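A short worksheet on the structure shown next.
The values are calculated or read from the model by the stated rules, or taken from the named source; none is laboratory data. Computed from a predicted model, the values in this text were never measured in an experiment. Counting neighbours? That spans all protein chains shown, and the Cβs are built from the backbone with ideal geometry, glycine included. With ligands, DNA and RNA removed, areas are computed over all heavy atoms of the protein, side chains included. Shrake-Rupley method; radii C 1.70, N 1.55, O 1.52, S 1.80 Å.
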Amino acid sequence: MTTALLPDLPASRTEPDGSAVVRVLSYNIRSMRDDVGALGRVIRACAPDVVCVQEAPRFFRWRKAAARLGRASGLVYVTGGATASGPMIMSSLRAHVERTEDVLLPRTPGLHQRGFATAVLRFGRARLGVLSCHLSIRDWERYEQGGLLLERLAALDVPYAVAAGDLNDRPDGRTFGLLAGALQDGWATEPWGREHTTRLGDPLQRIDAVFATGGVEFLGCGVPMGLPGVEERDLRAATDHLPVLAAVRVPAA
(Lines give C-alpha, C1' and ligand atoms only; values in the text may rest on other atoms or scores of the structure.)
Protein backbone atom coordinates (compact mmCIF):
# COMPACT_ATOMS: atom_id res chain seq x y z
CA MET A 1 0.00 0.00 0.00
CA THR A 2 1.27 3.50 -0.81
CA THR A 3 -0.02 6.95 0.00
CA ALA A 4 -0.54 9.75 -2.52
CA LEU A 5 2.76 10.84 -4.03
CA LEU A 6 4.46 13.76 -2.34
CA PRO A 7 6.53 16.30 -4.31
CA ASP A 8 10.20 15.81 -3.50
CA LEU A 9 12.33 18.33 -1.66
CA PRO A 10 15.15 20.12 -3.51
CA ALA A 11 17.99 17.80 -4.43
CA SER A 12 21.44 18.03 -2.88
CA ARG A 13 23.59 20.48 -4.79
CA THR A 14 26.11 23.28 -4.59
CA GLU A 15 24.86 26.66 -5.75
CA PRO A 16 26.91 29.07 -7.91
CA ASP A 17 27.51 31.30 -4.86
CA GLY A 18 29.06 28.37 -2.95
CA SER A 19 26.05 27.72 -0.71
CA ALA A 20 24.98 24.10 -0.37
CA VAL A 21 21.57 22.45 -0.36
CA VAL A 22 21.84 19.68 2.23
CA ARG A 23 19.23 17.02 2.98
CA VAL A 24 19.06 16.14 6.69
CA LEU A 25 17.16 13.12 8.02
CA SER A 26 16.31 12.44 11.67
CA TYR A 27 15.31 8.85 12.50
CA ASN A 28 14.80 6.85 15.70
CA ILE A 29 15.68 3.30 14.59
CA ARG A 30 14.90 1.41 17.83
CA SER A 31 18.32 -0.28 17.98
CA MET A 32 17.68 -1.97 14.61
CA ARG A 33 15.40 -4.49 16.31
CA ASP A 34 12.94 -4.41 13.41
CA ASP A 35 13.27 -4.87 9.63
CA VAL A 36 16.68 -3.51 8.64
CA GLY A 37 15.94 -3.98 4.96
CA ALA A 38 12.87 -1.77 5.25
CA LEU A 39 14.87 0.75 7.28
CA GLY A 40 17.52 0.90 4.58
CA ARG A 41 14.96 1.36 1.82
CA VAL A 42 13.30 4.27 3.64
CA ILE A 43 16.63 6.01 4.20
CA ARG A 44 17.79 5.49 0.61
CA ALA A 45 14.52 6.87 -0.78
CA CYS A 46 15.03 10.04 1.29
CA ALA A 47 18.47 10.54 -0.34
CA PRO A 48 19.95 12.28 2.72
CA ASP A 49 23.37 13.87 2.97
CA VAL A 50 23.27 13.60 6.77
CA VAL A 51 21.30 11.27 9.06
CA CYS A 52 20.86 12.01 12.75
CA VAL A 53 20.07 8.61 14.24
CA GLN A 54 18.55 7.95 17.65
CA GLU A 55 18.56 4.61 19.49
CA ALA A 56 21.47 3.32 17.45
CA PRO A 57 22.79 -0.05 18.65
CA ARG A 58 25.09 0.58 21.61
CA PHE A 59 25.91 -2.76 23.17
CA PHE A 60 27.48 -6.01 21.88
CA ARG A 61 29.06 -5.57 18.41
CA TRP A 62 27.44 -2.18 17.94
CA ARG A 63 30.05 -1.10 15.39
CA LYS A 64 29.14 -4.07 13.19
CA ALA A 65 25.49 -3.07 13.45
CA ALA A 66 26.37 0.48 12.38
CA ALA A 67 28.28 -0.91 9.41
CA ARG A 68 25.28 -3.05 8.51
CA LEU A 69 23.04 0.01 8.56
CA GLY A 70 25.55 1.80 6.36
CA ARG A 71 25.43 -1.00 3.79
CA ALA A 72 21.64 -1.06 3.86
CA SER A 73 21.31 2.71 3.49
CA GLY A 74 24.28 3.58 1.29
CA LEU A 75 25.81 5.83 3.98
CA VAL A 76 28.97 5.90 6.06
CA TYR A 77 29.40 6.10 9.82
CA VAL A 78 30.56 9.49 11.13
CA THR A 79 30.31 9.35 14.93
CA GLY A 80 28.18 8.30 17.89
CA GLY A 81 26.38 5.11 18.77
CA ALA A 82 27.61 3.54 22.01
CA THR A 83 30.03 6.43 22.55
CA ALA A 84 27.08 8.86 22.73
CA SER A 85 24.72 6.37 24.39
CA GLY A 86 22.44 6.06 21.34
CA PRO A 87 22.58 9.15 19.12
CA MET A 88 24.66 8.64 15.98
CA ILE A 89 25.50 10.58 12.81
CA MET A 90 25.86 9.05 9.35
CA SER A 91 26.48 10.80 6.05
CA SER A 92 26.83 10.36 2.33
CA LEU A 93 30.26 10.54 0.73
CA ARG A 94 29.43 14.11 -0.26
CA ALA A 95 30.24 15.30 3.27
CA HIS A 96 33.81 15.98 4.36
CA VAL A 97 34.17 15.35 8.09
CA GLU A 98 36.18 18.10 9.77
CA ARG A 99 35.79 16.91 13.35
CA THR A 100 33.53 14.93 15.67
CA GLU A 101 32.81 14.78 19.38
CA ASP A 102 30.51 12.55 21.40
CA VAL A 103 29.20 13.89 24.71
CA LEU A 104 27.69 11.98 27.62
CA LEU A 105 25.21 14.02 29.66
CA PRO A 106 24.85 13.96 33.46
CA ARG A 107 23.05 10.77 34.39
CA THR A 108 20.14 10.51 36.80
CA PRO A 109 20.16 7.24 38.80
CA GLY A 110 17.44 4.93 37.54
CA LEU A 111 17.14 6.67 34.17
CA HIS A 112 18.89 5.97 30.87
CA GLN A 113 22.25 7.52 30.12
CA ARG A 114 21.81 10.20 27.44
CA GLY A 115 24.29 11.87 25.13
CA PHE A 116 24.87 13.92 22.00
CA ALA A 117 26.66 12.92 18.81
CA THR A 118 28.17 16.00 17.17
CA ALA A 119 30.16 16.72 14.03
CA VAL A 120 31.27 19.56 11.80
CA LEU A 121 30.80 18.66 8.14
CA ARG A 122 31.87 20.53 5.04
CA PHE A 123 30.04 20.58 1.72
CA GLY A 124 32.39 22.45 -0.57
CA ARG A 125 32.67 25.94 0.92
CA ALA A 126 29.67 25.45 3.23
CA ARG A 127 30.36 24.24 6.79
CA LEU A 128 27.60 22.76 8.91
CA GLY A 129 27.57 21.75 12.55
CA VAL A 130 25.37 18.72 13.27
CA LEU A 131 24.00 17.44 16.59
CA SER A 132 21.93 14.29 17.06
CA CYS A 133 19.99 13.93 20.31
CA HIS A 134 17.48 11.77 22.17
CA LEU A 135 16.18 13.61 25.21
CA SER A 136 14.83 12.26 28.49
CA ILE A 137 11.32 11.02 29.13
CA ARG A 138 11.28 13.05 32.40
CA ASP A 139 10.27 16.69 32.01
CA TRP A 140 12.75 18.27 34.41
CA GLU A 141 15.72 16.28 33.08
CA ARG A 142 14.66 16.87 29.49
CA TYR A 143 14.54 20.64 30.08
CA GLU A 144 18.07 20.60 31.51
CA GLN A 145 19.23 18.60 28.49
CA GLY A 146 17.62 21.15 26.18
CA GLY A 147 19.77 23.85 27.73
CA LEU A 148 22.87 21.67 27.38
CA LEU A 149 21.97 21.07 23.73
CA LEU A 150 21.98 24.81 23.02
CA GLU A 151 25.30 25.17 24.82
CA ARG A 152 26.85 22.31 22.88
CA LEU A 153 25.56 23.63 19.58
CA ALA A 154 27.19 27.00 20.30
CA ALA A 155 30.40 25.23 21.33
CA LEU A 156 30.74 23.76 17.83
CA ASP A 157 31.89 27.28 16.93
CA VAL A 158 30.49 27.30 13.40
CA PRO A 159 28.12 29.94 11.99
CA TYR A 160 25.55 27.41 10.79
CA ALA A 161 24.30 24.28 12.50
CA VAL A 162 21.39 21.84 12.73
CA ALA A 163 20.15 19.81 15.70
CA ALA A 164 17.83 16.89 15.12
CA GLY A 165 16.36 14.09 17.13
CA ASP A 166 13.72 12.50 19.31
CA LEU A 167 12.76 15.16 21.85
CA ASN A 168 10.22 13.10 23.81
CA ASP A 169 8.34 16.39 23.93
CA ARG A 170 5.59 18.05 21.89
CA PRO A 171 5.58 21.59 20.44
CA ASP A 172 3.55 22.82 23.44
CA GLY A 173 6.10 21.39 25.89
CA ARG A 174 8.61 23.59 27.63
CA THR A 175 11.73 21.84 26.27
CA PHE A 176 10.43 21.95 22.70
CA GLY A 177 9.58 25.60 23.34
CA LEU A 178 13.06 26.30 24.70
CA LEU A 179 14.65 24.95 21.52
CA ALA A 180 12.12 26.58 19.18
CA GLY A 181 12.70 29.90 20.90
CA ALA A 182 16.44 29.79 20.22
CA LEU A 183 16.46 27.92 16.89
CA GLN A 184 14.32 27.56 13.78
CA ASP A 185 11.86 24.66 13.96
CA GLY A 186 11.87 23.13 10.48
CA TRP A 187 8.23 22.06 10.37
CA ALA A 188 6.97 25.38 11.73
CA THR A 189 9.23 27.32 9.33
CA GLU A 190 8.64 25.46 6.05
CA PRO A 191 6.18 22.56 6.49
CA TRP A 192 6.26 19.73 3.97
CA GLY A 193 4.91 16.20 4.08
CA ARG A 194 3.30 14.86 7.24
CA GLU A 195 3.57 16.56 10.61
CA HIS A 196 3.22 13.79 13.18
CA THR A 197 6.16 11.49 13.84
CA THR A 198 4.69 8.77 16.06
CA ARG A 199 4.18 5.29 14.65
CA LEU A 200 1.25 4.87 12.29
CA GLY A 201 -1.83 4.00 14.33
CA ASP A 202 -0.47 5.56 17.54
CA PRO A 203 -1.81 8.84 18.97
CA LEU A 204 -0.79 11.72 16.71
CA GLN A 205 2.21 13.55 18.15
CA ARG A 206 5.18 15.50 16.80
CA ILE A 207 8.02 14.50 19.10
CA ASP A 208 10.85 14.34 16.53
CA ALA A 209 12.18 17.50 14.89
CA VAL A 210 14.94 19.19 12.91
CA PHE A 211 16.11 22.59 14.16
CA ALA A 212 18.60 25.03 12.64
CA THR A 213 20.47 28.13 13.67
CA GLY A 214 19.83 31.50 12.06
CA GLY A 215 21.12 31.91 8.52
CA VAL A 216 20.23 28.34 7.55
CA GLU A 217 17.29 28.39 5.13
CA PHE A 218 14.68 25.65 5.40
CA LEU A 219 13.40 24.59 1.99
CA GLY A 220 11.00 22.05 3.46
CA CYS A 221 10.72 19.79 6.51
CA GLY A 222 8.42 16.96 7.56
CA VAL A 223 7.69 13.25 7.49
CA PRO A 224 8.33 11.93 3.95
CA MET A 225 5.20 9.79 3.78
CA GLY A 226 4.24 9.55 0.11
CA LEU A 227 7.71 10.45 -1.15
CA PRO A 228 8.48 8.23 -4.16
CA GLY A 229 10.20 5.09 -2.87
CA VAL A 230 8.97 5.52 0.72
CA GLU A 231 6.41 2.75 1.11
CA GLU A 232 3.95 2.71 4.00
CA ARG A 233 4.68 -0.95 4.64
CA ASP A 234 8.38 -0.12 5.03
CA LEU A 235 7.62 2.74 7.43
CA ARG A 236 5.57 0.32 9.54
CA ALA A 237 8.21 -2.42 9.43
CA ALA A 238 11.36 -0.32 9.93
CA THR A 239 10.92 1.05 13.47
CA ASP A 240 8.38 2.60 15.85
CA HIS A 241 9.00 6.23 14.80
CA LEU A 242 8.53 8.03 11.51
CA PRO A 243 11.51 9.85 10.01
CA VAL A 244 11.77 13.62 9.58
CA LEU A 245 13.40 14.86 6.38
CA ALA A 246 14.55 18.43 5.83
CA ALA A 247 16.25 20.24 2.97
CA VAL A 248 18.27 23.25 4.06
CA ARG A 249 20.42 25.79 2.26
CA VAL A 250 23.69 26.48 4.07
CA PRO A 251 25.59 29.67 3.09
CA ALA A 252 29.21 29.42 2.03
CA ALA A 253 31.72 30.12 4.78
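With a/c under 1.5 counting as rounded, go ahead and sort the range 134-177 into rounded, prolate or oblate using the C-alpha gyration tensor (a ≥ b ≥ c being the square roots of the eigenvalues; past the cut-off, prolate if a/b is larger than b/c, else oblate). Write down the numbers at each step before the final one.
On the way: a/c = 2.41, a/b = 1.90, b/c = 1.27.
Prolate is the answer for the range 134-177, as a/c is 1.5 or above and a/b outweighs b/c.
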Mind listing the phi-derived Karplus ³J(HN,Hα) values for the range 200-214, rounded to whole Hz, using 6.51, -1.76 and 1.60 with θ = phi - 60°, and x for any glycine or proline? 4, x, 7, x, 6, 8, 10, 10, 10, 7, 10, 10, 8, 6, x
With the 1.4 Å probe rolled over protein heavy atoms, the range 145-253 has an accessible area per residue in Å² of 36 Å²
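With only Lys, Arg, Asp and Glu charged, each at its Cβ (+1 for the first two, -1 for the last two), find how big the charge dipole of the range 185-234 is about the Cα centre; round to the nearest 20 debye. Intermediate values should be presented prior to the final figure.
Values: 4 positive and 9 negative charges, 18 e Å.
That gives a dipole near 80 debye.
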Can you find, among 37, 16, 100, the residue sitting farthest towards the positive end of the charge dipole of the chain, where Lys and Arg contribute +1 and Asp and Glu -1 at Cβ? 37
Mind running the shape call on the range 39-153? Use the C-alpha gyration tensor, a ≥ b ≥ c as the square roots of the eigenvalues: rounded below 1.5 for a/c, prolate if a/b tops b/c, oblate otherwise. oblate
Please list, ordered by chain and number, the residues whose modelled amide H lies under 5 Å from the amide H of residue 161; skip anything fewer than 5 residues away on the same chain. 129, 213
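Just how large is the dipole of the chain about the Cα centre, in debye to the nearest 20, putting +1 at every Lys and Arg Cβ and -1 at every Asp and Glu Cβ?
Details: 30 positive and 28 negative charges, 180 e Å.
Roughly 860 debye for the chain.
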Quick one: what are the phi-derived ³J(HN,Hα) couplings along the range 76-83, Karplus 6.51/-1.76/1.60 with θ = phi - 60°, whole Hz, x for glycine and proline? 10, 6, 10, 6, x, x, 4, 5
Relative contact order of the chain (C-alpha contacts under 8 Å, at least 6 apart) in percent is 25 percent
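If you roll a 1.4 angstrom probe over the protein chains with everything in place, what fraction of the accessible area of the range 1-62 belongs to carbon and sulfur, to the nearest %? Don't jump to the answer; show the numbers that get you there.
Details: 1550 of 2790 Å².
Looking at the range 1-62 in its full context, I get 56 percent from C and S.
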With an 8 Å cut-off on Cα pairs and a minimum separation of 6 or more residues, tell me the relative contact order of the range 134-180 in percent. 49 percent
The range 139-253: relative contact order in percent, alpha carbon pairs under 8 Å with at least 6 residues between: 27 percent
Roughly how many whole Å is it from the C-alpha centroid of the range 185-245 to that of the range 100-146? 19 Å
